[in-house]
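S.K.: Take a look at this one; I'll ask things after.
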Amino acid sequence: MFPRSRLAIGVGAGLTIGFLALLAIVGTTIWLVERGNSLSEQAALQRTIRIAAVELRDHLRTAESSQRGFLLTGNQIYLAPYDTSKTRAMQELDDLSRMISPDAPNRAMLPRLSEALAEKIAEMDNSIALKTAGRDADAMALLARNRGKTLMDEINVFLYGAILIADENSTLSSTEQQRNASLLRWISAGGAVVIILVVFAVVLTIYRNG
């Protein structure tokens, strides 16, 4: 009777250990998969933020080049991309305001970025209006104040910071994904070893008490 009880206890313990190991593998796998999905979404968001910052900078530079070309030559052809570029720049600003999280380190600078961009566009609009009205001297005087350049430099600092933060966050997400993938492999391998050992122990117990 005693050997049978010992056999039942041994088999039961082995099955319990195997079941717990399997539960640990499944639970950890589910958590790592969910975490991986979250990290992928975060990385995709950071890439989108980076693209928006780069495109805002590029569109504003295009608008500025268009303005400068018109002021220097008086040729309307230079203004062809102007309206589209400044409109796109404002759209990219709206995208950044929507995508940058409330706890991001550069979130507090968004209001100032919005003000600087509005001032920059107003400065370009005013100089173009003066040139169009034939007030060339006033237009060039406005340009010579370098207020537009100061605003552009300020905007570039913010956008460069946004690009750096997005790159750093993407790198962190990628690093954690790689670490989690490695962890999952080790857990799966360890769990498989435990289950194999448990099966071996159960079989051995049954064989010895058979």
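The values are calculated or read from the model by the stated rules, or taken from the named source; none is laboratory data. What you are looking at is a predicted structure, and each value in this text was computed from that prediction instead of being measured. Ideal geometry is used to build each Cβ from the backbone, glycine not excepted, and the neighbour counts take in all protein chains shown. In case anyone asks, the SASA skips ligands and DNA or RNA and just uses the protein heavy atoms, side chains included. Shrake-Rupley method; radii C 1.70, N 1.55, O 1.52, S 1.80 Å.
S.K.: Using the crude model of +1 on Lys and Arg Cβ and -1 on Asp and Glu Cβ, and no other charge, please compute the dipole size for the chain relative to its Cα centre, in debye to 20.
M.R.: Charge dipole of the chain: 1020 debye, to the nearest 20.
S.K.: Could you work out the relative contact order of the range 93-210? I mean the mean sequence separation of Cα pairs under 8 Å and 6+ apart, divided by the number of residues, in percent.
M.R.: Normalised by residue count, the contact order of the range 93-210 is 22 percent.
S.K.: To continue, here is another question. Ignoring ligands, DNA and RNA, what accessible area per residue does the chain give at 1.4 Å, in Å²?
M.R.: On a per-residue basis, the chain sits at 60 Å².
S.K.: Here's another thing I want to ask about it. So what is the relative contact order for the range 111-177, in percent, with contacts set as C-alpha pairs under 8 Å and at least six apart?
M.R.: Relative contact order, the range 111-177: 35 percent.
S.K.: Okay, moving on. Expressed in whole Å with the largest first, what are the equivalent ellipsoid semi-axes of the chain derived from the C-alpha gyration tensor as the square root of 5 times each eigenvalue?
M.R.: Numbers: eigenvalues 970, 31, 22 Å².
In descending order the semi-axes read 70, 12, 10 Å.
S.K.: Take the solvent-accessible surface of the protein heavy atoms, probe 1.4 Å, and return the percent of it on the range 35-134 that carbon and sulfur atoms account for.
M.R.: Of all accessible area on the range 35-134, carbon and sulfur atoms account for 53 percent.
S.K.: Among 112, 61, what's the order by accessible area (1.4 angstrom probe), most exposed first?
M.R.: Largest accessible area first, the list is 61, 112.
S.K.: Putting +1 on Lys and Arg Cβ atoms and -1 on Asp and Glu Cβ atoms, find which of 174, 143, 128 reaches farthest to the positive end of the dipole of the chain.
M.R.: Of the listed residues, the answer is 174.
S.K.: From the backbone phi of the range 71-76, what are the Karplus-calculated ³J(HN,Hα) couplings (6.51 cos²θ - 1.76 cosθ + 1.60, θ = phi - 60°) in whole Hz, Gly and Pro given as x?
M.R.: Per residue, the Karplus-derived 3J(HN,Hα) values read 5, 7, 10, x, 8, 5 Hz.
S.K.: Mean separation of Cα pairs under 8 Å and 6+ residues apart, divided by the residue count of the chain: what relative contact order is that in percent?
M.R.: Computed over the chain, the figure is 39 percent.
S.K.: Another question, then. If you put +1 on each Lys and Arg Cβ and -1 on each Asp and Glu Cβ, how big is the dipole of the range 75-149 around its Cα centre, in Debye rounded to 20?
M.R.: For the range 75-149, the charge dipole is close to 180 debye.
S.K.: Rank 131, 120, 149 by accessible area, highest first, at a 1.4 Å probe radius? Mind dumping the intermediate values first?
M.R.: Numbers: 131 35, 120 0, 149 110 Å².
Ranking 131, 120, 149 by accessible area, largest first, yields 149, 131, 120.
S.K.: Let me ask something additional. Rg to Rh ratio, the range 23-67, alpha-carbon atoms and Kirkwood radius?
M.R.: Ratio of gyration radius to Kirkwood radius: 1.48.
S.K.: Which residue, 164, 51, 200, has the largest displacement toward the positive end of the dipole of the chain when charges sit on each Cβ (Lys, Arg +1; Asp, Glu -1)?
M.R.: Looking along the dipole axis, the top candidate is 200.
S.K.: Please compute, for the alpha-carbon atoms of the range 61-150, the extent along each of the three principal axes and give them in descending order in Å.
M.R.: Principal axes ranked by extent give 48, 25, 16 Å for the Cα atoms.
S.K.: Here's something else I'd like to know. Can you give the accessible area of residue 94, probe radius 1.4 Å, in Å² rounded to 10?
M.R.: Answer for residue 94: close to 100 Å² accessible.
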